[in-house]
Amino acid sequence: MFEIFGIPSQALFGQLLLGLINGSFYALLSLGLAVIFGMLNIINFTHGAQYMMGAFCAYLLLQYFGINYWAALVIVPIVIGVLGILIERLFLQHVSKLDHLYGLILTFGLALIIEGLFRNYYGSSGQPYQVPEALQGGRNLGFMFLPNYRAWVIAFSLLICLATWFAIERTRLGSYLRAATENPTLVRAFGINVPRMVTLTYGFGVGLAALAGVMAAPIYNVSPQMGSDLIIVVFAVVVIGGMGSIMGAIITGFVLGIVEGLTKVFFPEASNTVIFVIMVIVLLVRPAGMFGRTA
Amino acid sequence: MRLIATLALAATAALTSAAHAEDLTVKLGVLNDMSSLYADIGGQGSVIAAKMAVEDFNPAAHGMKVEIVSADHLNKPDVGSNIVRQWFDVDHVDAVLDVPTSSVALAVNEVVREKNKVFLVSGAATSDLTGAKCSPNTVHWTYDTWMLANGTGKALVKSGGDTWFFLTADYAFGHALERDTTAVVLANGGRVLGSVAHPLNTQDFSSFLLQAQASKAKIIGLANAGGDTDNAIKQGAEFGITAGGQHFAGLLVFITDVQALGLKTAQGLVLTETFYWDMNDATRAWTKRWQVERPGKFPAMTVAGVYAATMHYLKAVAALKSATDGKAVVAKMKDMPTDDPLFGKGYIRADGRKIHPAYLFEVKTPEESKYPGDDYKLRATIPAEEAFRPMKDDNCPMVTN
């Protein structure tokens with residue numbers, strides 16, 4: 001076996017694959033953020049809390065209704081998405097015409113409230129959630145042991161990401177959405193209900209966060225602070241990818257997952273800062289992000 | 001005229017001191033993490049435990065009045081020491097309780113010493129509180145890093161787990177725990193094959209787990225706490241670490257963590273604690289009372305420690321009939337043998353270390369568990385004399401001088 005920079009190639013390939021798995025979570029979450037920002041111009045700081053609610057919702061469904069992972073994968077995004085729509089109707093639409101900062105502060109406050117409520121009811125330690133029967137175990141790839149569940153995470157999130165990209169960039173509905181972002185008044189003149197479309201888009205973005213939450217439940221600790229641990233990283237991913245760029249969010253999510261994975265081999269202590277270092281560099285060199293359109 | 005004045009003065013003085021003796025007011029402050037990572041091992045649970053201790057002590061029967069205040073230190077040393085200063089200077093608090101997070105506890109330790117009050121530590125782990133940083137105003141009740149390392153480390157090496165790999169939280173507590181455990185492993189004839197330091201609050205442990213897996217060490221020592229430990233174990237199960245014959249050693253695992261993981265994931269985990277709610281009738285009865293306010297939850301040993309320490313403190317104050325001189329109260333606490341329903345009989349050493357047995361537990365399998373919270377089976381009892389660091393190794397200036 002050969003070595004790269006003193007690291008056995010085996011370990012390196014393993015880490016690359018693991019990075020890709022983490023990247024799929026980053027991609028899913030930053031995709032939701034990018035969709036919301038791109039269409040609504042709202043910096044959705046509740047995203048982490050909504051991701052956490054997704055994981056909790058999956059846990060509650062299993063605990064109290066015996067509803068399994070597969071059903072949760074469908075039900076949870078809808079439930080949390082509807083909650084998101086409520087939030088949009090009740091709060092966000094009133095600040096949408098104001099500066100970004102108002103939306104940011106509002107959603108940040110909501111995130112703190114939601115997190116506090118969950119901590120009050122469920123404590124800070126977290127709740128158990130098992131990997132579904134069908135995906136337990138794993139296979140030996142020769143260079144690493146790949147749990148089946150992780151393989152599923154990569155495949156499924158990639159599918160969701162590409163489907164979302166396709167829906168927004170390549171379909172008629174997507175073109176309405178993009179048009180409404182550019183010029184809402186004109187699009188309304190064509191008889192399209194823009195406010196409803198905006199609301200549904202927010203619900204969809206939130207649903208994506210909830211979906212990521214369900215997928216995270218079997219492998220990460222389901223606790224009220226799981227979202228706030230992740231959301232900052234995801235924001236960095238969105239900034240690096242370019243705010244509002246769908247493909248940018250997806251690609252950056254996966255790439256940064258890999259970068260982080262490699263850092264864990266070469267310099268583990270820096271693994272949670274490396275993304276921010278990259279963010280600083282990107283902001284210096286390309287302020288609009290890697291894939292962003294300059295405003 | 002002058003005589004009358006003197007008499008009157010004397011009478012007033014006598015009256016006021018009588019009033020004081022009748023109504024000795026003691027104020028306790030529970031300081032811990034109420035809102036994040038460690039809220040479940042202390043938080044409101046500790047406040048309830050302190051209230052229960054006051055109830056059981058029955059202050060009225062001793063001519064005392066006891067008040068309890070509480071605050072959230074946000075796991076920040078500066079916040080913690082500011083609250084404590086205000087408690088002493090403005091609110092006339094006599095004793096500070098609990099204080100998880102070693103860095104905060106060390107900061108509070110200094111303030112308490114300076115103000116000559118009393119510090120009853122339950123939540124914090126660092127053995128420095130009775131070592132280099134020991135204080136005549138401090139009693140360290142429940143557990144410490146030396147005890148954790150000694151309990152879990154020694155037992156595992158002795159039962160064949162002689163090669164170790166550490167996953168260490170990259171801050172003072174993690175490194176201290178790794179250092180203490182390494183010493184125990186080496187002393188018992190084991191070997192440490194490697195270690196990796198991960199950042200605090202890591203979501204994904206898979207990379208570190210692969211490194212641990214590749215090391216082929218029999219035991220993967222988790223020198224971390226809370227969510228980090230939970231994530232590592234949860235993902236370890238997924239990567240087939242336990243199925244592959246390697247074992248996790250949770251160097252700091254509370255029952256709240258086991259509950260969070262679920263028995264299916266946590267089964268087989270070996271850990272050391274000084275209190276388990278299901279030990280005997282007394283602990284079960286106590287837990288039942290505690291659960292009235294915390295339904296569905298189980299008290300960690302840290303919560304039990306707050307109860308027991310409060311109880312013993314109040315006994316000492318009642319014996320002294322004064323709470324003003326913190327050093328004197330702690331000295332009295334050390335003179336009196338301890339006895340409470342949760343830790344049994346014990347005593348407090350000259351360095352401030354509370355001495356009681358420790359228990360090596362193994363987490364049950366889901367099949368073995370008969371009811372909620374039926375999580376542990378006892379593997380060994382570590383006698384009180386062996387459970388904690390011998391005083392000669394303390395480096396505590398107060399004792400050596």
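Computed values, structure above
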| read-out | value |
| --- | --- |
| Any helices (runs of 4 or more DSSP H) falling wholly within region A:169-271 and containing at least 1 residues that are within 11 Å of chain B (Cβ to nearest Cβ) and buried (at least 23 other Cβ atoms within 10 Å of the Cβ) | A:194-216, A:226-241, A:246-266 |
| Sole residue being modelled with pLDDT of 95 or more, assigned by TED's automatic domain parsing to the domain that holds B:TYR313, touching an Asp or Glu at 6+ places or on another chain (Cβ under 9 Å) and of a type outside the set (S, T, N, Q), chosen from B:ALA53, B:ALA71, B:ALA124, B:ALA95 | B:ALA53 |
| Scope region A:273-295; condition without any contact (Cβ under 8 Å) to a residue 24 or more places away in the chain and closer than 24 Å to A:ILE21 by Cβ; matching residues | A:THR273, A:VAL274, A:VAL277 |
| Members of region B:143-166 found to be within 14 Å of chain A (Cβ to nearest Cβ) and either touching an Asp or Glu at 6+ places or on another chain (Cβ under 8 Å) or surrounded by fewer than 18 Cβ atoms within 10 Å (Cβ to Cβ) (or both), listed by number | B:PHE166 |
| Failed item in (1) more than 20 Å from A:PHE56 (Cβ to Cβ); (2) modelled with pLDDT of 90 or more, with A:LEU135 passing the rest | (2) |
| Single unsatisfied condition, A:ASN120 versus (1) facing chain B (nearest Cβ under 10 Å); (2) buried (at least 16 other Cβ atoms within 10 Å of the Cβ) | (2) |
| 2 or more residues within 9 Å of another protein chain (Cβ to nearest Cβ) and within 29 Å of A:PHE56 (Cα to Cα): qualifying helices (runs of 4 or more DSSP H) within region B:167-282 | B:206-214, B:226-238, B:255-261, B:263-266 |
| Count of residues meeting criterion [touching a residue at least 40 places away in the same chain (Cβ under 8 Å) and aliphatic (A, V, I, L, M)] in region B:172-208 | 3 |
| Residue match in region B:56-65 (condition: of a type in the set (A, V, I, L, M), under 25 Å from B:MET301 (Cβ atoms) and outside the structural domain of B:ALA260 (by TED's automatic domain parsing)) | no |
| Residue within region B:306-327 that is assigned to a strand (DSSP E or B), in contact with a helix residue (DSSP H, G or I) (Cβ under 7 Å, 6 or more places away or on another chain) and more than 13 Å from chain A (Cβ to nearest Cβ) present | no |
| Scope region B:167-207; condition crowded, with 18+ Cβ neighbours inside 10 Å, under 21 Å from A:GLN15 (Cβ atoms) and hydrophobic (A, V, I, L, M, F, W, C); matching residues | B:LEU167, B:ALA169, B:VAL196, B:ALA197, B:PHE205 |
| Looking only at region B:344-387, and only at residues there that are polar (S, T, N, Q) and in contact with a helix residue (DSSP H, G or I) (Cβ under 8 Å, 6 or more places away or on another chain), the one that is surrounded by the fewest Cβ atoms within 10 Å (Cβ to Cβ) | B:THR365 |
| One residue from A:GLY32, A:GLY81, A:GLY54, A:GLY48 being under 24 Å from A:GLY253 (Cβ atoms), within 14 Å of chain B (Cβ to nearest Cβ) and surrounded by 22 or more Cβ atoms within 10 Å (Cβ to Cβ) | A:GLY48 |
| Scope region B:344-401; condition of a type in the set (S, T, N, Q) and touching a residue at least 60 places away in the same chain (Cβ under 8 Å); matching residues | B:THR365, B:SER369, B:ASN395 |
| Residue within region A:125-144 that is more than 9 Å from chain B (Cβ to nearest Cβ), outside any loop (DSSP other than H, G, I, E, B) and either crowded, with 21+ Cβ neighbours inside 10 Å or in contact with a Pro (Cβ under 7 Å, 6 or more places away or on another chain) (or both) present | no |
| Residue in region B:40-64 that is nearest to the other protein chains (Cβ to nearest Cβ), counting only those that are in contact with a helix residue (DSSP H, G or I) (Cβ under 7 Å, 6 or more places away or on another chain) and not in a helix (DSSP H, G or I) | B:ASP40 |
| Any hit, region A:96-106, residues being surrounded by 19 or more Cβ atoms within 10 Å (Cβ to Cβ) and within 16 Å of the chain's Cα centre (by Cα) | no |
| Criterion violated by A:GLU269 - all others in (1) closer than 24 Å to A:LEU83 by Cα; (2) touching a Pro at 6+ places or on another chain (Cβ under 8 Å); (3) among the charged types (D, E, K, R) satisfied | (1) |
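Conditions (1) under 18 Å from the mean Cα position of the chain (by Cα); (2) closer than 28 Å to B:ALA176 by Cβ, marked per residue:
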position	(1), (2)
B:ALA49	yes, yes
B:ILE68	no, no
B:ASN82	no, yes
B:ASP89	no, no
B:HIS92	no, no
B:ALA107	yes, yes
B:ASP144	yes, yes
B:GLY151	yes, yes
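The values are calculated or read from the model by the stated rules, or taken from the named source; none is laboratory data. Everything quoted here is computed from the prediction, not taken from an experiment. Please note: Cβ atoms are built from the backbone with ideal geometry, for glycine as well, and neighbour counts cover all protein chains shown.
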